[in-house]
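Asks: To start, I am sharing the structure in question, which I have written as structure tokens.
The values are calculated or read from the model by the stated rules, or taken from the named source; none is laboratory data. Here the structure is a predicted model, which means the values were calculated and not measured. Using ideal geometry, Cβ is built from the backbone for each residue, glycine included, and neighbour counts are taken over all protein chains shown.
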Amino acid sequence: MTRFIYLDNAATSFPKPPRVIEAMTHFMTRVGANPGRSGHRKSVEAARTVARARKSLAAMFNIPDPDRIVFTMNVTEALNTVIYGFLNPGDHVITTSMEHNSVLRPLRHLETQGMITLSIAPCDIKGQLDPGTLMPLIRKNTALMVLNHASNVCGTIQDVKGVKHAIGHIPLLLDAAQTAGCLPIDVLDAGIDFLAFTGHKALLGPQGTGGLYVRKGLELRPLIRGGTGSVSEKEVQPDFFPDILESGTRNNVGIAGLGAAVDFILETGIEAIRDHEKALTRAFLSAIRDVPGITVYGPLDAEARTSTLSITFDSILPPGDRYDYGGCGAVNLELMEEEVYPAEAGKILSAGYDILVRTGLHCAPIAHKTLKTFPEGTVRISMGWFNTPEEMEITARAIRRIAARQQ
Ligand SMILES: Cc1ncc(COP(=O)(O)O)c(C=O)c1O
């Protein structure tokens, strides 16, 4: 296999820690049974595997009761579970102009059905939300605030505590798709009421895994109802966690892998992971920020962002924006004769250098409208725990060559 440089960790992380694959193989070959369904020892072992994963996730997010975590297919299902299961007709919801379609589409759906009203809090050109802008949006019937913890387009990290402080008693649903596993998250300290996460990105688990934490005292209508392996004598859905929201056999092979991934992260230390990703981001940003004809989006300070960043190869900048456009300020605003469109740059990186990135809108058109990169989008370079400084040097050199039209 030829050596490639994988920089698409915001879509899904790769590679995975070997123990993730081992845990999944072990479950498939040695455990195999359905947890919580049968009384035999293999079913009990399967149930223990799932319970261990729940416990590890609870430790990671400082969740007092692991049973308040339910496993889902991904963060999209977790977000939908809250949006469709918590909101009632006549409710008002606040969200931001940096959200993923996994938040906006269900919210827009309920809005077009006449179920809810929606306010979109505007973020600035670097994707940052000022919590102060939320106060005037709050109404008597505001029932939920939905916030993307960090942008999947440009890495901007939001001030979760500041947002919670601004909205007070209004429940906060945090979309931690891009932060669970690479940024410390403490649901109690930050006042997070619902935490939606996906297993296959920075949590380093397999695809088809994710989850939702629901603060005690908050009730949700399940998206689906069915067999849970518990209170089987009753024809109605159990009303206790996690069973109320976990109908049908879960992706238990995946959950075994996710549990191993979370244990890997806990042992490695989220701080160590964050430090590594910050160091990569700092080095990469300083290698590309002065390249003529490139704009970097999001904050230039590694502290204020994740290791996901977006660039464009610009020819023309919007009038008046010349010196404060995007994140880069004035350092790289030489005009080029021709723009290299994001899709074209992605193809050159892949075909010419075996550097794998994502281009386009990254399922977040509203974020691109905020960053002024709609409709072409950006070239997204998303680093992860397994990337190295050498890989980022090679990538920076490739980007310089593309910007200089040397390819
Ligand atoms: C911020 C954000 N929300 C939601 C999602 C959806 O993730 P999943 O496909 O795992 O449900 C993503 C993934 O790209 C994301 O980055």
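Asks: Could you give every pair whose Cβ atoms fall below 7 Å, whose first residue belongs to region 71-83 and is on the phi < 0 side of the Ramachandran plot, and whose second residue is assigned to a loop (DSSP other than H, G, I, E, B) and near the ligand (Cβ under 7 Å from one of its atoms), counting only separations of at least 6 or pairs across chains?
Replies: Final answer for the pair search is Val75/Ala177.
Asks: Given the criteria of a type in the set (Lys, Arg), more than 10 Å from the ligand (Cβ to nearest atom) and either outside any loop (DSSP other than H, G, I, E, B) or more than 25 Å from Ile255 (Cβ to Cβ) (or both), does Lys216 qualify?
Replies: No: the conditions fail for Lys216.
Asks: A further question follows. Considering only residues of region 127-180 that are within 25 Å of Trp385 (Cβ to Cβ), hydrophobic (A, V, I, L, M, F, W, C) and more than 11 Å from the ligand (Cβ to nearest atom), which is surrounded by the fewest Cβ atoms within 10 Å (Cβ to Cβ)?
Replies: Only one residue tops the list, namely Ile157.
Asks: When only residues in region 107-126 that are surrounded by fewer than 19 Cβ atoms within 10 Å (Cβ to Cβ) and within 16 Å of the ligand (Cβ to nearest atom) count, which is nearest to Phe374 (Cα to Cα)?
Replies: Of everything passing the filter in region 107-126, Ile120 is nearest to Phe374 (Cα to Cα).
Asks: Taking Gly36 and the conditions (1) of a type outside the set (D, E, K, R); (2) crowded, with 18+ Cβ neighbours inside 10 Å; (3) at pLDDT 95 or above, which numbered condition does it fall short on, given that it satisfies the others?
Replies: The single condition Gly36 does not satisfy is (3).
Asks: I've got another one for you. Does Ala58 qualify as being in the same structural domain as Val187 (by TED's automatic domain parsing), in contact with a Gly (Cβ under 6 Å, 6 or more places away or on another chain) and buried (at least 16 other Cβ atoms within 10 Å of the Cβ)?
Replies: So Ala58 does not fit the description; no.
Asks: Consider Ile273 carefully, then state whether it is in a helix (DSSP H, G or I), hydrophobic (A, V, I, L, M, F, W, C) and surrounded by 22 or more Cβ atoms within 10 Å (Cβ to Cβ).
Replies: In short, no.
Asks: What residue, among those in region 71-91 that are assigned to a strand (DSSP E or B) and not charged (D, E, K, R), is farthest from the ligand (Cβ to nearest atom)?
Replies: Restricting attention to region 71-91, the residues satisfying the condition of being assigned to a strand (DSSP E or B) are 71-72, 91.
Applying the additional criterion that residues be not charged (D, E, K, R) yields 71-72.
On the way: Phe71: 13, Thr72: 9 Å.
This residue is Phe71.
Asks: Got a number for residues in region 348-376 being closer than 22 Å to Phe4 by Cβ and touching a residue at least 40 places away in the same chain (Cβ under 8 Å)? Working first, answer last.
Replies: Initially, region 348-376 is screened for residues closer than 22 Å to Phe4 by Cβ, giving 348-360, 362.
Narrowing the set further to residues that are touching a residue at least 40 places away in the same chain (Cβ under 8 Å) leaves 348-349, 352-358, 362.
Final tally of qualifying residues: 10.
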